[in-house]
Amino acid sequence: MYKKGIFVATSFAVVAGLGAFFSGIPVSKAADIDAKKLYMTHCKTCHGADGKPTDLGVGLEARDLTDAAWQAKATDEQIIKQINDGTPEKMMPFKEKLTPEEVKALVPVVRSFGKK
Ligand code: HEC
């Protein structure tokens with residue numbers, strides 16, 4: 001009985017913690033939502049595992065995400081918007097496929113390509 005009580009209390013703390021985790025959505029923490037895996041699943045085909053466009057990406061005129069000048073210029077909002085809305089005939093929109101948290105979590109992944 002006593003032990004079970006502790007178990008329930010612990011589970012509750014975990015659930016409450018998760019709630020706080022997702023509602024706060026600090027970009028860096030959201031990266032723990034396996035953002036790298038999301039990138040590898042949805043983005044790598046065109047943008048490459050390391051941000052350098054693949055042949056397919058180059059054919060569609062995808063930018064080199066490791067480009068320091070672009071990294072300095074692009075805002076997180078622009079990156080989020082691009083992932084959500086895409087570009088007609090170049091990059092598909094992801095707002096139907098990914099949750100807002102997942103899209104946000106991809107920003108630090110995109111940023112990581114700019115850091116050498
Ligand atoms: C079908 C290929 C394809 C896939 C898949 C794809 N992209 Fe793109 N992406 C492109 C192309 C092409 C562009 C350039 C669009 C343009 O010129 O407007 C682009 C542009 C971008 C840009 C903006 C770069 C700039 O010029 O400002 C970002 C950021 C980006 N993609 C991130 C992602 C992320 C993150 C994913 C996965 C969720 C993803 N892309 C999936 C093809 C793709």
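The numbers here are math on the coordinates, done by the rules we state, and not lab data. In this text, all values refer to a predicted model and were calculated from it rather than measured experimentally. All Cβ positions, glycine included, derive from the backbone under ideal geometry; neighbour counts span all protein chains shown.
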Query raised in the report: Which residues, counting only those in region 44-57, are more than 8 Å from the ligand (Cβ to nearest atom) and loosely packed, with under 14 Cβ neighbours inside 10 Å?
Result: Ala49, Asp50, Asp55
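Which residues, counting only those in region 76-93, are part of a loop (DSSP other than H, G, I, E, B) and either near the ligand (Cβ under 9 Å from one of its atoms) or farther than 14 Å from His42 by Cβ (or both)? Before you say what the answer is, go through the steps one by one.
Of region 76-93, the ones part of a loop (DSSP other than H, G, I, E, B) are 86, 88-90, 92-93.
Within region 76-93, Gly86, Pro88, Glu89, Lys90, Met92 meet the criteria.
Of Ala62, Ala72, Ala68, which residue is of a type in the set (Gly, Ala, Ser), under 18 Å from Tyr39 (Cα atoms) and either near the ligand (Cβ under 6 Å from one of its atoms) or loosely packed, with under 14 Cβ neighbours inside 10 Å (or both)?
Numbers: Ala72 fails: under 18 Å from Tyr39 (Cα atoms); Ala68 fails: under 18 Å from Tyr39 (Cα atoms).
One residue alone meets the criteria, Ala62.
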Query - Single residue of Ala74, Ala35, Ala69 found to be aliphatic (A, V, I, L, M) and in contact with a helix residue (DSSP H, G or I) (Cβ under 8 Å, 6 or more places away or on another chain) - result: Ala35
